[in-house]
1. Please give the residues of region 178-222, grouped as numeric ranges, whose backbone N is less than 20 Å from a label point set 7 Å along the Cα-to-Cβ vector of LYS160.
2. Full extension from THR513 to ARG466: what is 0.36 nm times the residue separation minus their Cα-Cα distance, to one decimal in nm?
3. Determine one quarter of the surface area of the Cα convex hull of the chain, which equals its mean projected area, and express it in nm² to one decimal.
4. As a test of the formula, what do you get for the chain when each DSSP H run with n ≥ 4 contributes -39,500 (n - 2.57) and the sum is divided by the residue count, at 222 nm and rounded to the nearest 500 deg cm²/dmol?
5. Percent antiparallel among DSSP beta bridges with both residues in the chain, to the nearest 5?
6. Please compute the length gained on full extension between SER742 and ALA283, using 0.36 nm multiplied by the number of residues separating them and subtracting their Cα-Cα distance.
7. What full-extension length gain, to one decimal in nm, is calculated for PHE648 and THR42 as 0.36 nm per residue of separation minus the Cα-Cα distance?
8. Show LYS15, LYS614 ordered by accessible area, largest first, where the area counts protein heavy atoms only and the probe is 1.4 Å.
Amino acid sequence: MIRNYFLIAWRNLRKNKIYSAVNIIGLATGLAVFWLMALYVTDELSYDRYPPNASRIYRVTHSGQSGGNSFNLAITPSSFAPTLLNDYPEIGDAARIDAEGGGTLVYGDKKIQRNDIFAVDNSLLKIFGFPFLYGDAQNALSTPGSIVLTRTLAEQLFGKAEDALNKTIILDNQLPSKVTGVMHDLPANSHLSFSALRWLSPPTDNSLNSYLYTYILLKKDANPAALQSRLAGFYDRHLKARMQPGTQYAMELQPLTSIHLHSHLDYEMARNGDVRYVWLFSAIAFLVLIIAIINYINLATARSSLRLKEIGVRKVIGSGRRQLAILFLIESVFFTLLAAAIATVLATLLTPAFNTLSGKELSLWQFGAMRTITILITFTLATGLLGGAYPAAFLSGFHTLPSLKGQQGDLSGTILFRKSLVTFQFVVTVFLIAGSAIIYLQLRYMQHKDLGFNKDQVLSFHISNRDVREHIEDFKQQMLKDPSVQAAAAAGNPIGNNDIGSTALYFEQNTTTPVKVQTFYVDADYLPTLQIGLAAGRNFSATQPTDRFHSILINETLARRLGWANAIGKRVQWPNNGGETQFATIIGVVKDFNIYSLQHTIQPLVLQMPPVRKEEDNLCVRLNRSRITQGLQYIESVYKKWDATTPFEYHFLDDNFSRQYAAERRQGSLLLTFTALAILIACLGLFGLVTFSVGQRTKEIGVRKVLGASVTRIVLLVSKDLIKPVLLASAISIPLAWFATSRWLQGFAYHISLNIVVFLTAGIVAALIAMFTVGWQAMRAARANPAESLRTE
């Protein structure tokens, strides 16, 4: 019997090719999208679950507010790790990470530049349980000068990973390090990313300067919630006496597995994901699949009149409602199985493009072939049963005699349900079109917004060699000899990477309450090189020695924060590393400029000249627009003369900022892709419905043409019932899209203003697409020869 049902389904497929093609293509596209999106979501949710004790690993963070100053940091002072371990018996181990950046690794004639070398406590190896290939996984970083390489870096330096053990390499031209271990590369789904770990010296001070990441491992019987409630005592014992009265302070334990999707603090190791986008894309994937299922339901119920006599005959020869329902369910499952086979091919072909869009390295079979196939078949059967449930119940419910006479009875409820499904399809479609448009406009806004300086044709590169830093002025002057180089300046950090430091300073009006400010080392050439304007006062001068130690510049935001109409000549003080008070005078106010991406507001900023040459380790060079290639070649040649051992690696400043929006670009691309697929599937459904409608009204159309109806009137006649749900969908979707996009834009400190025109345009675009889909098929019917139409009976 089951075999017979499948045979009937196959015959129906061959008999109704357009109907079958619309259903199978729509379902295949929906299944392929859902499959790929499931891989993406699963990967996002799998972050940091690789350590054996992942459920007991926590990162320590802290936040606070006092006197208008606030902080929300992923980094902590050096003393937190040992103090927490000593104070709380629930903590089994603690470790610190100094994500210092790295430098040049040298072994023999091999030189490799790596900017992802961390200095860590040996206990980090025990906490995370990194799998080692060679060396002692428990004590590889227990002695000064030791370093652990990842497999990839070991092979790059030594050819074979096993040859690396106990070899000595030179780091940054001065630090000899002994390779004490080689570990497997970290998985891609880790918020940590490094190529080597080196020994970190024990904490020697009790300062509150936050610059390290602190991780703890709880004991097996520890209660995280109970420990969290007791952390308030840490502040009372160790911090309260050293902070301003009335400070609101909180220390938090972040579960390791929640960092990637739920943590967006200052000074994260890298930009994390966002759980909101995980749910958004999950919902979109479901909606795209539901749109495909709706197509099947709509076409199956619309075609009921063609199967009335078949149903009546089957009931006459003994088929009950149950048997008929099974027949239609099997037909639905059959279509879905065929669609799943095509979806597998589609997903395989689309995976490389999807990986490019999402920035991941996903594989269709990454969870194992048998497991994937089992899930796919189970999900396909569930989809087939879900899609076929309503048509099976509807079709099997016709009575015998009316079915044999071709009488469908009152179908007003069914028609209303069908129109509701079409409306739902286009609610989703209009929503996606509007969302894609807003994301595109916001990205374009970020790329073209005035940042307060000119970032075009400015390249930035790091000076690793400390001897070169001591002669940085001579280095700059040699670069300026070529006409392709317009200007050059030194700074402590490249801007646009979201990693500028901050500190607390005491300003003249109140020397008892510190003000948290961002601090940035720049030389006297920095402002003219980046074309940053002055609002008042003067720039640093290389000819005035006092500027290096006793003069600062502030930005307009800080001047407004302090309530100063004229900040020039005001005094600032702060304790230096030796505990002595250091003073400086404000000599200028710079116009506000963005040192971070546009997700961040402009913060109070202090510019200082580097007190020592070693802090001048990043150069910014403005190139002649017409001589970019020549300028790059010349700068590299000068660089090699000064430092022949370190590879020349550079970044353009606009690329630094652009990288901060990579996640938004990927999200926009994914949303645009889903929008196109949703439109395709929805239009396939409309095409199927209008094709069926035209087929049912062939004789009517012929009669109307004979009686003088114009082509336009016939097109309107056929189209109006299918276009109305699209217009209703626009009215429903526009408020939903407005709300969702306004929430998304709140994640940016600077963003576009929502304009109703964008949303109305999205509705019009959806209506035009629907009208074209419906109108094309209606036009064919309207232009057909009436004689041919009237012969159909």
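The values are calculated or read from the model by the stated rules, or taken from the named source; none is laboratory data. Note that the coordinates shown come from a computational prediction; the quantities given were computed from them, not determined experimentally. Backbone-built Cβ (ideal geometry, glycine too); neighbour counts: all protein chains shown. For accessibility, only protein heavy atoms count, side chains too; no ligands or nucleic acids. Shrake-Rupley method; radii C 1.70, N 1.55, O 1.52, S 1.80 Å.
1. So the set is 179-185.
2. 13.2 nm
3. Mean orientational projected area (the chain, Cα hull): 43.6 nm².
4. One gets -16000 deg cm²/dmol as the mean residue ellipticity at 222 nm.
5. 80
6. Extra length available between SER742 and ALA283 comes to 163.4 nm.
7. 214.3 nm
8. Sorted by accessible area, descending: LYS15, LYS614.
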